[in-house]
Amino acid sequence: MLTLEEIFPPYALRIACGPVELRVLRDEDFPELVELVRGGVEAPGLPMPFLRAWHDEPFAPGAPDGFPTSSLAWWWTQRATFAPSEWRLALAVRRDGVLVGMQDLHAPDFQQTRQVLTGSWLGRAHQGRGTGTLMRRLVVGLALDELGAESCESGYIVGNHASAAVSRKVGYVDNGRRRVVQHLRDGKIGADEQRVVVTPETFVRPREPVSVEGAEALRRFLGIGPRMTGPSDG
């Protein structure tokens, strides 16, 4: 009988460095993830970091709307629409075995653009320990070294100094600003988003060794050719 990892190769992906591990989100992670969100996501004194305040929806387990139903639908949709032409990896981040946040990787038309978009968040109780920087370095390393991306783009709401600092530590450089609309619980507001980009030339790698499992199967699943020789090769 085939394993779940053989049926859906993203599940075989594992990236680890020191105490931090990234794996594709599974249904069995949901109870822990819901409790993590309920413990708070936003850092006090900083702008709301998302385009939509999904984390601030009324807590209504078992109801057809509110949290976590709307978020579950989003995570399930990512798997249901996974295709080489556009894919998303929702990576659960664990530190010392404890779920602490999420790291997303999104790639529309990757074969043509060789670009990916990254986004991430940490539970409030787990912020300020260097986890945010390391998890971003791990996913950028996956994209550049294992999947053959030429750049990784991201963004943060202007005034979010914590996110800006993480971006600098990973090697992102400024890539222009744009005006965006944030959907808050009480309505919509305008905000300035700073766009940033990291390339192989600017990327700041983790100091400790990185272990990657399942990348070859993922490349086949996405129709990506053999990776170029990179820094991790002997």
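Computed values, structure above
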{"item": "Lone qualifier among Glu153, Glu146 - being in contact with an Asp or Glu (Cβ under 9 Å, 6 or more places away or on another chain), among the acidic types (Asp, Glu) and within 22 Å of Ile15 (Cβ to Cβ)", "result": "Glu146"}
{"item": "Number of the exception - Ser120 against (1) in contact with a strand residue (DSSP E or B) (Cβ under 6 Å, 6 or more places away or on another chain); (2) polar (S, T, N, Q); (3) in contact (Cβ under 8 Å) with a residue 60 or more places away in the chain", "result": "(3)"}
{"item": "Count - residues of segment 80-130 that are crowded, with 17+ Cβ neighbours inside 10 Å and of a type in the set (Lys, Arg)", "result": "3"}
{"item": "Elements of type strands (runs of 3 or more DSSP E) contained in segment 87-201, each with 1 or more residues being modelled with pLDDT under 95, of a type outside the set (A, V, I, L, M, F, W, C) and at positive phi", "result": "187-198"}
{"item": "Residues being more than 18 Å from Glu5 (Cα to Cα) and not polar (S, T, N, Q) - total across segment 76-96", "result": "5"}
{"item": "Contacts under 6 angstrom Cβ, first residue in segment 9-26 being among the hydroxyl-bearing types (Ser, Thr, Tyr), partner buried (at least 21 other Cβ atoms within 10 Å of the Cβ), 6 or more apart", "result": "Tyr11/Val24"}
{"item": "Extreme residue, farthest from Arg124 (Cα to Cα), among residues of segment 10-20 that are surrounded by fewer than 20 Cβ atoms within 10 Å (Cβ to Cβ) and of a type outside the set (A, V, I, L, M, F, W, C)", "result": "Tyr11"}
{"item": "Of all residues making up segment 137-168, the number that are of a type in the set (D, E, K, R) and farther than 27 Å from Val181 by Cα", "result": "4"}
{"item": "Residue pairs meeting the criteria (Cβ under 9 Å; at least 6 apart or on separate chains; first surrounded by 23 or more Cβ atoms within 10 Å (Cβ to Cβ), in segment 138-166; second in a loop (DSSP other than H, G, I, E, B) and of a type in the set (Asp, Glu))", "result": "Leu144/Glu150"}
{"item": "Residues located in segment 185-207, provided they are among the acidic types (Asp, Glu) and surrounded by 12 or more Cβ atoms within 10 Å (Cβ to Cβ)", "result": "Asp192, Glu193"}
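Rundown of residues vs (1) surrounded by fewer than 15 Cβ atoms within 10 Å (Cβ to Cβ); (2) in contact (Cβ under 8 Å) with a residue 24 or more places away in the chain; (3) part of a loop (DSSP other than H, G, I, E, B), yes/no style:
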site: Pro31; (1), (2), (3): yes, no, no
site: Val34; (1), (2), (3): no, yes, no
site: Met48; (1), (2), (3): no, yes, yes
site: Gly62; (1), (2), (3): yes, no, yes
site: Thr77; (1), (2), (3): yes, no, no
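The values are calculated or read from the model by the stated rules, or taken from the named source; none is laboratory data. Everything numeric here is computed off the predicted structure, so don't read it as measured data. Don't worry about glycine lacking a Cβ; one is built from the backbone with ideal geometry, like all the others, and counts go over all protein chains shown.
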